[in-house]
Amino acid sequence: MTLAEVSSVCSGYLMRDELMWNHTSSMMCLTANINAAKGKKFEPKDFNPYSEHHKKLPTKKEAEMLYETFKSF
């Protein structure tokens, strides 16, 4: 396989994984909303690791700690 073919296959797997997580997070949201206390609402993005809701950048302090940790490797 060429590098372009490998990249295409990997992209396909990542897209499929994201689509499956969309389905799974919807089912998890439904279950959580059924069992939630009155007034508490969940959304699928709360359970989906691919959503923008879960993508956060590390703070400067966290980045410095990671840098110090991995500097010894």
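The values are calculated or read from the model by the stated rules, or taken from the named source; none is laboratory data. Because the structure is a prediction, the values reported are computed rather than measured. Cβ coordinates were reconstructed from backbone atoms using ideal geometry, including for glycine residues, and neighbour counts include every protein chain displayed.
Can you name every residue in region 44-65 that is modelled with pLDDT of 85 or more, among the basic types (Lys, Arg) and either within 18 Å of Leu30 (Cα to Cα) or not in a helix (DSSP H, G or I) (or both)?
Of everything in region 44-65, just one residue is modelled with pLDDT of 85 or more, among the basic types (Lys, Arg) and either within 18 Å of Leu30 (Cα to Cα) or not in a helix (DSSP H, G or I) (or both), namely Lys45.
Within the set of pairs 6+ apart or on separate chains, which have a first residue in region 5-29 that is surrounded by 11 or more Cβ atoms within 10 Å (Cβ to Cβ), a second that is modelled with pLDDT under 90 and aromatic (Phe, Trp, Tyr), and C-beta atoms under 6 Å apart?
Hits for this filter: Glu18/Tyr50; Trp21/Tyr50.
Sort out which residues of region 45-69 are surrounded by fewer than 10 Cβ atoms within 10 Å (Cβ to Cβ) and either more than 28 Å from Ala32 (Cβ to Cβ) or of a type in the set (A, V, I, L, M) (or both), and write them in order of number.
Taking region 45-69 and keeping what is surrounded by fewer than 10 Cβ atoms within 10 Å (Cβ to Cβ), we get 52, 55-57, 59-61, 67-69.
Once the filter is applied, which keeps residues that are surrounded by fewer than 10 Cβ atoms within 10 Å (Cβ to Cβ) and either more than 28 Å from Ala32 (Cβ to Cβ) or of a type in the set (A, V, I, L, M) (or both), region 45-69 yields Leu57, Thr59, Lys60, Lys61, Tyr67, Glu68, Thr69.
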